[in-house]
Amino acid sequence: MKSMNLIGSLSCCMWLVMAMATAAQDSAPVLDTSGQALQSGVDYYIKPAITDNGGRFTLIDRNDSCPFYAGQENTSGPEGFPVTFAPFAEGETVVRETRDQKITFSAFTICVQSTAWKVGETQSETQRRLIVTGIDQNEGLPGPAGNYFRINKQADHDGVYNLQWCPTEVCPTCRFICGDVGALVENDKRLLALDGSVLPVVFEKA
C-alpha cells in the first residue's frame, strides 16, 4: 500500500512538472512599445496605457521613513525610475506572459535595501494591499513568493498588459489570494496596490 501511495505521489509530481513545462513553452513573450520582447536584466519604464492616469512608475516616500513604496508619478512626463525583470524560471532570458517575475527598480535609496517589489501591508482605509520595496523574509508566505509578480495581456489590446500578484509558479500547491495591481491615491501620492481596479500598462525600453 505504501509503495502504491509513493508511486501515486511521484506520478502526481511528474504530471505537475510536465504541465508547468508545457505552460512555460506556450507563454507568449511580453512586448514593449516598439513591439520587441522584454528581456531580463534590461531597463524598462512602466507607464499607464491610458493618458491622464498618472505617470511612469517610481519610488514613493510614503511616511518620510524607510522602506520606499512602489507608485506612480502624478502626471505623465519623463520622470520615474525604470525597472528590470528577473524570471523565476532558471535560465529564462525572455519575460513571458503569466509567468512569475521579480520586478526591481533600477535605483538607489537612502534606505540601503533592495528596491525589488513585494506585497506589503494592508492600507487601513481601503483594506488594499500595498506594494512596498524590499526582500520578502517569508512573513507568512512560502519562500520569496511576496517578491514575484506576473504580467497578463489585456484582451484585444496588443502591447497592453496588467500586473498581478499570483506567484503560483513559485509555489504551485499554495492557495494565494491573488490580486491585480492598480493605483491608490493617498495624501496626493499615487501608490501601487492590489485588490482594486486594474491599471493597464505598457513597457517602454529605457
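Since every read-out is calculated from the coordinates, none of them should be taken as a lab result. Computed from a predicted structure; not experimentally measured. Here Cβ is always computed from backbone atoms with ideal geometry, including for glycine, and neighbour counts include all displayed protein chains.
At most 10 other Cβ atoms within 10 Å and a DSSP loop assignment: could you name the GluC sites (Glu not before Pro) in the stretch 94-182 that fit? Those satisfying the criteria are GLU125, GLU139. Placing pseudo-labels 7 Å out from each Cα toward the beta carbon at GLU97 and ASN53 gives an inter-label distance of 1.7 nm.
What the Kirkwood sum gives for the chain is a hydrodynamic radius of 17.8 Å, with every pair of different alpha carbons counted. Applying 0.36 nm per residue to the separation of VAL198 and SER124 and subtracting their alpha-carbon distance, the gain on full extension is 24.7 nm. Around the amide H of PHE68, modelled in the peptide plane, lie the amide H atoms of THR133, all under 5 Å away and 5 or more residues distant in sequence or on another chain.
Over the stretch 63-206, calculate the relative contact order: mean separation of alpha carbon pairs under 8 Å at least 6 apart, over the residue count, as a percent.
Values: 299 pairs, mean separation 31.4, N = 144.
Once divided by the residue count of the stretch 63-206, the mean separation gives 22 percent.
Backbone phi angles across the stretch 185-190, fed through the Karplus curve with coefficients 6.51, -1.76 and 1.60 (θ = phi - 60°), yield HN-Hα couplings of 8, 9, 6, 6, 10, 8 Hz in residue order; Gly and Pro are listed as x. For the chain, the residue among PRO167, ALA183, GLN154 whose Cα projects farthest onto the positive side of the dipole built from Cβ charges is PRO167. Counting only Cβ charges, +1 for Lys and Arg and -1 for Asp and Glu, the dipole size of the chain around its Cα centre is about 480 debye. Helical runs (DSSP H, four residues minimum) scored at -39500 (n - 2.57) apiece and divided by the length of the chain put the mean residue ellipticity at 222 nm at -4500 deg cm²/dmol.
Note on the stretch 29-205: dipole from Cβ charges, positive end direction compared against ALA86, PHE203, CYS66; the farthest Cα belongs to ALA86.
Add +1 for every Lys or Arg and -1 for every Asp or Glu among the other residues with Cβ under 12 Å from the Cβ of GLN154, and state the total. Kindly include the intermediate steps, with their values, before the conclusion.
Values: positive: LYS153; negative: GLU97, ASP156, ASP158, ASP180.
Neighbourhood net charge equals -3.
Cross-link partners for LYS118 among the lysines, with Cα-Cα distance under 22 Å and sequence neighbours closer than 8 places in the same chain left out: LYS47, LYS102, LYS153, LYS189.
With K and R counted +1 and D and E -1, the other residues having a Cβ less than 14 Å from that of VAL170 yield a net charge of 0. Other residues whose C-beta falls under 13 angstrom from the C-beta of ARG99 contribute a net charge of -2, scoring Lys and Arg +1 and Asp and Glu -1.
Taking other C-beta atoms within 10 Å as the exposure proxy, THR58, THR33, THR93 rank THR93, THR33, THR58 from fewest upward.
So, in Å, what gap is there between the alpha-carbon centers of the stretch 98-126 and the stretch 32-49? Rounded to whole Å, the Cα centres lie 18 Å apart.
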